[in-house]
Amino acid sequence: SVWPSFANFLLVRLQRPGSGRALRNRLLARHGLLVRECGNKIGATEDDLRLAVRPAEAVDRLVRALQVEMR
């Protein structure tokens, strides 16, 4: 799920409970990508990730990494 945003980032809730922190760690370790896990924010869980809006090349890289890691 993606929450509506007026900022330069998107807040995404993963559909698999308990997977946010692990996904964040894999994206960093395997792909060199850093996303913000928001478990310490009021109303959020570790399944909420903050994704920055970046240039198209960076978005494509993130999408490819997510496709690999979310299998």
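Assorted remarks:
- Contacts under 6 angstrom Cβ, first residue in segment 52-71 being open to solvent by less than 70 Å² (accessible area, probe 1.4 Å), partner among the charged types (D, E, K, R), 6 or more apart: 69/26
- Looking across segment 39-51, just one residue is among the basic types (Lys, Arg) and either open to solvent by less than 50 Å² (accessible area, probe 1.4 Å) or touching a strand residue (DSSP E or B) at 6+ places or on another chain (Cβ under 6 Å) (or both), and that is 50.
- Taken together, the residues in segment 4-35 that are under 11 Å from residue 66 (Cβ atoms) and either of a type in the set (D, E, K, R) or free of Cβ contacts under 8 Å to residues at least 40 places away in the same chain (or both) amount to 6.
- For the criterion of being open to solvent by less than 60 Å² (accessible area, probe 1.4 Å) and of a type in the set (Val, Ile, Thr), residue 2 fails.
- Exclusive hit being open to solvent by 70 Å² or more (accessible area, probe 1.4 Å), charged (D, E, K, R) and in contact with a Gly (Cβ under 8 Å, 6 or more places away or on another chain), set 36, 16, 21: 21
- Residue within segment 18-33 that is at positive phi and small (Gly, Ala, Ser) present: yes
The values are calculated or read from the model by the stated rules, or taken from the named source; none is laboratory data. What you see is a predicted model; the values in this text were computed from it and never measured. Neighbour counts run over all protein chains shown; Cβ positions are idealised from the backbone, glycine included. Heavy atoms of the whole protein, side chains included, go into the accessibility calculation; ligands, DNA and RNA do not. Shrake-Rupley method; radii C 1.70, N 1.55, O 1.52, S 1.80 Å.
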